[in-house]
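Trainee: Take a look at the following structure, please.
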Amino acid sequence: MEIRAATVLPARREPIELHTADGLTLVGELAQPLDRPPVATLVTLHPLPTHGGFMDSHVYKKAANRLPALADLAVLRFNTRGTSSERGTSEGAFDGGEGERYDVAAALEYAEFNDLPRVWVVGWSFGTELALKWAHDPLVEGAILLSPPLHRATDADLDAWAEFGRPLVALVPEFDDYLRPDEAKARFARVPQAEVIGVEGAKHLWVGETYVRIVLNEIVKRVNPAAAPLPTEI
């Protein structure tokens, strides 16, 4: 059977709640391999909620649908404050990336409390800003950035990540609306351990199965290389 956009592979999927230090309850889902423990964990940070981003943004939904079965990964998705999806609405209100520091911390605390292994943060668009600004946590093994705009995240945030020292991988679409590969390489040059990968033909939203597969393969190559490349049929 070919793996298609709508394919949902077997996994243990459970609704979760995250509790922030400033008193909010956030809704989410944790997907894990069906009959074995995960080898690593993706904590996902979604695109801008004021422009339609949420925990079900398609790359993350497909990651949760496929990667527990294909790559033995746990995938934690959640709605940041004030964001709604089919799972429900997280308490609070969008705060432009500032109050969301508590949302990132709550997700990482959940992973730590529940003994989820080898945590990598995956940010997409606005989520990359949250990763760069607020994911400097000893629990985090590295971060993967999808379509980083480097709008809210400043050179000071990049310098902080450089000092943090953990791996940083940026997947930058050739036709991105905000930051394209050449400029991204220049901006990320201040992070010695950063790897910038330009993706030919891709756009900011990674629409199309071709680009989803590229993203998921690049994630798996870093987080569980033994499972790469991902199969296209099962």
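The values are calculated or read from the model by the stated rules, or taken from the named source; none is laboratory data. From a predicted model like this one, the values you see are computed outputs, not experimental measurements. Neighbour counts are summed over all protein chains in view; Cβ atoms, including those assigned to glycine, are modelled from backbone coordinates with ideal geometry. Surface accessibility is based on the protein's heavy atoms, side chains included, excluding ligands, DNA and RNA. Shrake-Rupley method; radii C 1.70, N 1.55, O 1.52, S 1.80 Å.
Trainee: Express in nm, to one decimal, how much length is gained between Leu34 and Thr232 on full extension, taking 0.36 nm for each residue of separation and deducting their alpha carbon distance.
Mentor: Computed gain between Leu34 and Thr232 is 69.3 nm.
Trainee: Can I ask one more? At 1.306 mPa s and 10 °C, plugging the Kirkwood radius over alpha-carbon pairs of the chain into Stokes-Einstein gives what diffusion coefficient in µm²/s?
Mentor: Stokes-Einstein gives a translational diffusion coefficient of 91 µm²/s.
Trainee: DSSP beta bridges in the chain, what fraction antiparallel, as a percent rounded to 5?
Mentor: Just about 40 percent of them are antiparallel.
Trainee: Enumerate by residue number the trypsin sites (Lys or Arg not before Pro) in the range 1-68 meeting two conditions: DSSP loop (anything except H, G, I, E, B), and at most 14 other Cβ atoms within 10 Å of the site's Cβ.
Mentor: Arg4
Trainee: In whole angstrom, how long is each semi-axis of the equivalent ellipsoid of the range 178-229, when you take the square root of 5 times every eigenvalue of its Cα gyration tensor and sort them from largest down?
Mentor: 21, 17, 6
Trainee: Turning to a different aspect of this structure: First measure r as the distance between the Cβ atoms of Ile197 and Phe175, then evaluate 1/(1 + (r/R0)^6) with R0 = 22 Å and state the FRET efficiency to the nearest 0.05.
Mentor: That gives a FRET efficiency of 0.90.
Trainee: Also: Would you kindly state how much longer the chain becomes between Glu141 and Thr25 on full extension, computed as 0.36 nm times their sequence separation minus their alpha carbon distance, in nm to one decimal?
Mentor: The Glu141-Thr25 span can extend by a further 39.2 nm.
Trainee: Tell me the Rg and the Dmax, in Å, that the Cα atoms of the range 106-180 produce.
Mentor: According to the Cα coordinates of the range 106-180, Rg and Dmax are 12.6, 40 Å.
Trainee: Count neighbours as other Cβ atoms within 10 Å of each site's Cβ, and list the GluC sites (Glu not before Pro) in the range 119-223 that are DSSP loop with at most 13 such neighbours.
Mentor: Those satisfying the criteria are Glu174, Glu200.
Trainee: Once you have the Kirkwood Rh of the range 115-234 from its Cα pairs, apply Stokes-Einstein at 20 °C and 1.002 mPa s and quote D in µm²/s.
Mentor: Translational D for this selection: 148 µm²/s.
Trainee: Any idea of the accessible area per residue across the chain, 1.4 Å probe, to the nearest Å²?
Mentor: I get 42 Å² per residue for the chain.
Trainee: Using a 1.4 Å probe on the protein heavy atoms, what percent of the accessible area of the chain belongs to carbon and sulfur?
Mentor: Here carbon and sulfur together make up 51 percent of the probe-accessible area.
Trainee: Turning to a different aspect of this structure: How much mean residue ellipticity at 222 nm does the chain get from its helices, if each DSSP H run of length 4 or more adds -39500 (n - 2.57) and you divide by all residues, to the nearest 500 deg cm²/dmol?
Mentor: -9000 deg cm²/dmol, from helical runs alone.
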